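The values are calculated or read from the model by the stated rules, or taken from the named source; none is laboratory data. All figures in this text were calculated on a predicted structure; none of them were measured in a lab. Reconstructed Cβ throughout: ideal geometry from the backbone, glycine too, with neighbour counts over all protein chains shown.
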Amino acid sequence: MTWWSKVLKNLISSHENERIDLFRTFPAFRRFLAARHHYAVLRTANDVIFILVILLGFFGPQQADRNIVIFLSWGLLWPGIVLSWFFLGRMWCGICPFPGLGVFLQKKGWSFSFKKPRSLQRYGVHVSVFFFALIIWAEIVAGLEHWPAGTSWLTLTIVLGAAIMAVFFPGQAWCQYLCPLGRISGAAATLSITEFRADHNKCRGCKTFACKRGKDGKMGCPVSLGAVSVKNNLQCLVCGHCLPLCDRDSPQFLVRNPYSELIRNKGRHITCSYIVPFLIGSQLARFIRHKEIYTDILNFFHVTDAVAFSLLLVIFFIFILGIIRAGARMFGITEDPVFGKFSPMVPILIPMAFTGELVYRMDFFAGGIGDFIPTFGRQFGIHFFERLAFTIPDFPIQIMSALFMVNGAIAGCYILWRFCLEDFEGMISLKGFIGINLLIFFLLLIYVIFIF
Ligand code: SF4
Ligand code: SF4
């Protein structure tokens, strides 16, 4: 069997044997991650770009078509991060510049290193999801997508949040508990086609647990996991920090069926239970905002954009919660004696939720890419760049977006189908099965109507 056939088998098979380890296939990739100085260079480059972007946002022109910060942040960086979730899990978090200032302060010894309180672990998820909701809301209501200084303020706030946490607690407590981007990245990483996992056969008998605890004065896993404890893609940053610490060559970077983890988790993680309805609800509110009907609503009710968008956000959030409830009722089982309570519609809707986010960001990218070089020219006085402007027509983007959404819907049906064939064989009624498929189709229809 060729390597490509094996990869394909890993991607579509529900069985987990003969996994492809990308560290073995591409040893240079493993070496790159393990050599921390390469990584440090990458992080430093990222930090420098980040600082430049913040400064340009604050001190550059404040019109969106005269400052590259807007497209760099919302049109390139954010869609790039969203796309990376599908292939590399939370790897972005490993090179993310947000914790840079905090790490610097810790290296200088300016950290109290207090023991992390239990409340951080217990309520961190709620706080981070709230922060995420706040960012999506502020992005539209405060017009961050068109306001360079606002974008810089948002970035700086997150950097300061991470730095304050680093001063109080050891490691990257912000990334682990409170970061809104980390939280959504973790939820999205559950449908990545790759996973970072230890080979537990090699870990057997290990006394050092260096991947978690560190060794020879070198710090262990920044999020207190270590390869040996990684069981899902929610928390591991795929930063490779534990690679040189392990002397048994245990960590692997495996290709997998992107839906297996969702099927295994069954929506038991509270992160996804909150994020999915909010994400889908907010996407519907954001899509409708670009339609003519939205202006009609504003004129008819004489309300401001901020009020109308906030109301739509709440309405669509409740609507998606209703779909999740209705689907769970049709599914018929929400508690299992072995793994406790779960939410079957959450894993079924996750592919649509994150594909919807990709589609929304792709739209922003397609709308701005043609004016990026001219914007650069306007900002730095190179008038010749004006001639390089181009526009991407809406229709091909809409078709591609609709196809992506169809793919997300098929993934939801596939997850339901595997539930019926595996863990819940013979337990879901035909009526329930058809009903959930219809719910998925109904949601797909709404997306497609809003996209066109
Ligand atoms: S990954 Fe390496 S260091 Fe961590 S427990 Fe396994 S063998 Fe030990
Ligand atoms: S388990 Fe390893 S790769 Fe994952 S976050 Fe910890 S150090 Fe990084």
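Restricting to the stretch 283-310, and then to whatever is among the charged types (D, E, K, R) and in a helix (DSSP H, G or I), can you tell me which residue is surrounded by the fewest Cβ atoms within 10 Å (Cβ to Cβ)? Reasoning before the result, please.
Here is the first cut: in the stretch 283-310, the residues among the charged types (D, E, K, R) are 286, 289, 291-292, 296, 305.
Next, only the ones that are in a helix (DSSP H, G or I) stay: 286, 292, 296, 305.
Values: Arg286: 22, Glu292: 7, Asp296: 10, Asp305: 14.
Among them, the one singled out is Glu292.
How many of the residues in the stretch 233-273 are away from ligand 2 (no atom under 13 Å from the Cβ), farther than 21 Å from Tyr414 by Cβ and within 14 Å of the chain's Cα centre (by Cα)?
Counting residues in the stretch 233-273 that are away from ligand 2 (no atom under 13 Å from the Cβ), farther than 21 Å from Tyr414 by Cβ and within 14 Å of the chain's Cα centre (by Cα) gives 1.
Taking the options Val230, Val223, name whichever one is modelled with pLDDT of 90 or more, aliphatic (A, V, I, L, M) and more than 8 Å from ligand 1 (Cβ to nearest atom).
On the way: Val223 fails: modelled with pLDDT of 90 or more.
From the options Val230, Val223, the qualifying one is Val230.
Under the condition of being closer than 17 Å to Leu245 by Cβ and within 11 Å of ligand 2 (Cβ to nearest atom), which residue from the stretch 168-212 is surrounded by the most Cβ atoms within 10 Å (Cβ to Cβ)?
First, pick out the residues of the stretch 168-212 that are closer than 17 Å to Leu245 by Cβ: 170-172, 196-200, 202-203, 205-212.
Okay, now just the ones that are also within 11 Å of ligand 2 (Cβ to nearest atom), so 171-172, 196-198, 210-212.
On the way: Gly171: 22, Gln172: 26, Phe196: 29, Arg197: 21, Ala198: 21, Ala210: 22, Cys211: 27, Lys212: 17.
Restricting to residues being closer than 17 Å to Leu245 by Cβ and within 11 Å of ligand 2 (Cβ to nearest atom), the top hit is Phe196.
Can Leu55 be described as in the same structural domain as Ser185 (by TED's automatic domain parsing), part of a helix (DSSP H, G or I) and within 30 Å of Arg378 (Cβ to Cβ)? Give the steps one after another, and end with the answer.
Details: in the same structural domain as Ser185 (by TED's automatic domain parsing): yes; part of a helix (DSSP H, G or I): yes; within 30 Å of Arg378 (Cβ to Cβ): yes.
Judged against the criteria, Leu55 is a match.
What is the residue count in the stretch 239-257 for residues that are part of a loop (DSSP other than H, G, I, E, B) and either more than 17 Å from Asp21 (Cβ to Cβ) or within 14 Å of ligand 1 (Cβ to nearest atom) (or both)? Give the steps one after another, and end with the answer.
Quick first cut of the stretch 239-257, residues part of a loop (DSSP other than H, G, I, E, B) only: 239-250, 256-257.
With either more than 17 Å from Asp21 (Cβ to Cβ) or within 14 Å of ligand 1 (Cβ to nearest atom) (or both) added as a condition, the list becomes 239-250.
Within the stretch 239-257, residues that are part of a loop (DSSP other than H, G, I, E, B) and either more than 17 Å from Asp21 (Cβ to Cβ) or within 14 Å of ligand 1 (Cβ to nearest atom) (or both) number 12.
So Arg197 fits all but one of (1) more than 8 Å from ligand 1 (Cβ to nearest atom); (2) under 24 Å from the mean Cα position of the chain (by Cα); (3) assigned to a loop (DSSP other than H, G, I, E, B); what number is the exception?
With (1) more than 8 Å from ligand 1 (Cβ to nearest atom); (2) under 24 Å from the mean Cα position of the chain (by Cα); (3) assigned to a loop (DSSP other than H, G, I, E, B) applied to Arg197, the lone miss is (3).
Scan (1) in a helix (DSSP H, G or I); (2) under 30 Å from Ser13 (Cβ atoms); (3) more than 19 Å from the chain's Cα centre (by Cα) for the single condition Ile280 breaks and write down its number.
The single condition Ile280 does not satisfy is (3).
Residue-wise test of (1) in contact with a Lys or Arg (Cβ under 9 Å, 6 or more places away or on another chain); (2) farther than 21 Å from Gly60 by Cα; (3) acidic (Asp, Glu); (4) not in a loop (DSSP other than H, G, I, E, B).
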{"site": "Ile135", "(1), (2), (3), (4)": "no, yes, no, yes"}
{"site": "Glu145", "(1), (2), (3), (4)": "no, no, yes, yes"}
{"site": "Ala149", "(1), (2), (3), (4)": "no, no, no, yes"}
{"site": "Ser152", "(1), (2), (3), (4)": "no, no, no, yes"}
{"site": "Thr155", "(1), (2), (3), (4)": "no, no, no, yes"}
{"site": "Ile158", "(1), (2), (3), (4)": "no, no, no, yes"}
{"site": "Gly161", "(1), (2), (3), (4)": "no, yes, no, yes"}
{"site": "Val167", "(1), (2), (3), (4)": "no, yes, no, yes"}
{"site": "Gln176", "(1), (2), (3), (4)": "yes, yes, no, yes"}
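Working carefully through the options Leu120, Leu83, find the one that is surrounded by fewer than 20 Cβ atoms within 10 Å (Cβ to Cβ), farther than 17 Å from Ile184 by Cβ and among the hydrophobic types (A, V, I, L, M, F, W, C).
Details: Leu83 fails: farther than 17 Å from Ile184 by Cβ.
Leu120 is the lone residue from the list that is surrounded by fewer than 20 Cβ atoms within 10 Å (Cβ to Cβ), farther than 17 Å from Ile184 by Cβ and among the hydrophobic types (A, V, I, L, M, F, W, C).
Restricting attention to the stretch 97-116, report how many residues are loosely packed, with under 14 Cβ neighbours inside 10 Å, farther than 22 Å from Leu52 by Cβ and not basic (Lys, Arg).
Count: 5.
Please verify whether the stretch 217-239 includes one or more residues that are surrounded by fewer than 21 Cβ atoms within 10 Å (Cβ to Cβ) and more than 26 Å from Leu33 (Cβ to Cβ).
No, every residue in the stretch 217-239 fails to be surrounded by fewer than 21 Cβ atoms within 10 Å (Cβ to Cβ) and more than 26 Å from Leu33 (Cβ to Cβ).
Which fully enclosed helices (runs of 4 or more DSSP H) of the stretch 353-452 have 2 or more residues being surrounded by 17 or more Cβ atoms within 10 Å (Cβ to Cβ), in contact (Cβ under 8 Å) with a residue 24 or more places away in the chain and touching an Asp or Glu at 6+ places or on another chain (Cβ under 9 Å)?
Numbers: elements: 372-380, 394-421, 430-451.
Here the list reads 372-380, 394-421.
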